[in-house]
Ligand SMILES: NC(=O)c1ccc[n+]([C@@H]2O[C@H](COP(=O)([O-])OP(=O)(O)OC[C@H]3O[C@@H](n4cnc5c(N)ncnc54)[C@H](OP(=O)(O)O)[C@@H]3O)[C@@H](O)[C@H]2O)c1
């Protein structure tokens, strides 16, 4: 039985892969970058490079993951966005963010349904799904993902456990790469490794809400209960 993680080449996804491989799980990892561009300490696991903005590449990724099934768990974690007002977005950038954060995840969930039977599906949203000024397109993509996940949780209940997990801001550098200028609030960003552990814990737990916020409080509780990770 295998775990499949997207967005595994950096940030939260990479941290999840480190944690899973360390606990002896078999992991299928995917990220946009080529295998030669992975960090030197990338864990020993299968890796498939895929640009989720390209529907043909998404279909190839789906087939690759399905061929390794059954999947014990899939975490559709990859995400991207821009920190800028709507009027400064371009039509192409809007399409790309929706393709990565929403369309690719729907395609993957649809195509992997059979190999997910008896397993779990985690969709990584964001607290921005409630609507966050400065990132309207990203917020919209995460709100749509939230609705998709809630619908699947109901539809697949009793067979596949579906959870939509919404982290608060995390110190992976994503916000800065998206164009947000660092400020004093960065000190409150969640630590990536501990947040990744909290996400896995939320997905592993047999009981729990279909949609959960992974906040500072929750990550702090996790840290208290489990030590540093
Ligand atoms: N960081 C935050 O503050 C925060 C808060 C709430 C929710 N989230 C969500 O948490 C998830 C992980 O975020 P993160 O902070 O770990 O971000 P990150 O450090 O920027 O990593 C993003 C991951 O997604 C991959 N990715 C981006 N665009 C892609 C594309 N076109 N095709 C395939 N893969 C692509 C990246 O691949 P490459 O690196 O190889 O390009 C990378 O592995 C995302 O869904 C994000 O929206 C993040």
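Any read-out appearing in this document is the output of simple, stated calculations on the displayed coordinates, not a laboratory observation. Computed from a predicted model, the values in this text were never measured in an experiment. All Cβ positions, even for glycine, are placed from backbone atoms using ideal geometry, and neighbour counts span all protein chains on display.
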> Most mobile of 96, 36, 213 per a Gaussian network model of the chain (Cα springs, under 10 Å)?
Replying inline: 36
> Once both labels are modelled 7 Å past Cα along the beta-carbon direction, what's the residue 40-residue 151 spacing in nm?
Replying inline: 4.7
>> So if each residue of separation counts as 0.36 nm, and I subtract the Cα-Cα distance between residue 51 and residue 209, what length gain in nm does that give?
In response: 53.8 nm
> Using a Gaussian network model of the chain with C-alpha springs under 10 Å, which one of 40, 109, 59 is most mobile by mean-square fluctuation?
Replying inline: 40
> Within region 44-86, what residues put their amide N at less than 17 Å from the label point 7 Å along the Cα-to-Cβ vector of residue 159?
Replying inline: 66, 69-74
> Among 182, 192, 167, which one moves the most in a GNM of the chain with springs linking Cα atoms closer than 10 Å?
Replying inline: 182
>> Under a crude label model (7 Å from the Cα following the beta-carbon direction), how far is residue 25 from residue 93 in nanometres?
In response: 3.4
> With r defined as the distance between the Cβ atoms of residue 132 and residue 67 and R0 fixed at 35 Å, what FRET efficiency is calculated, to the nearest 0.05?
Replying inline: 0.40
> Starting at 0 and stepping by 5 Å, how many percent of the alpha carbon pairs of the chain end up in each bin?
Replying inline: 1, 7, 15, 20, 22, 18, 11, 5, 1, 0
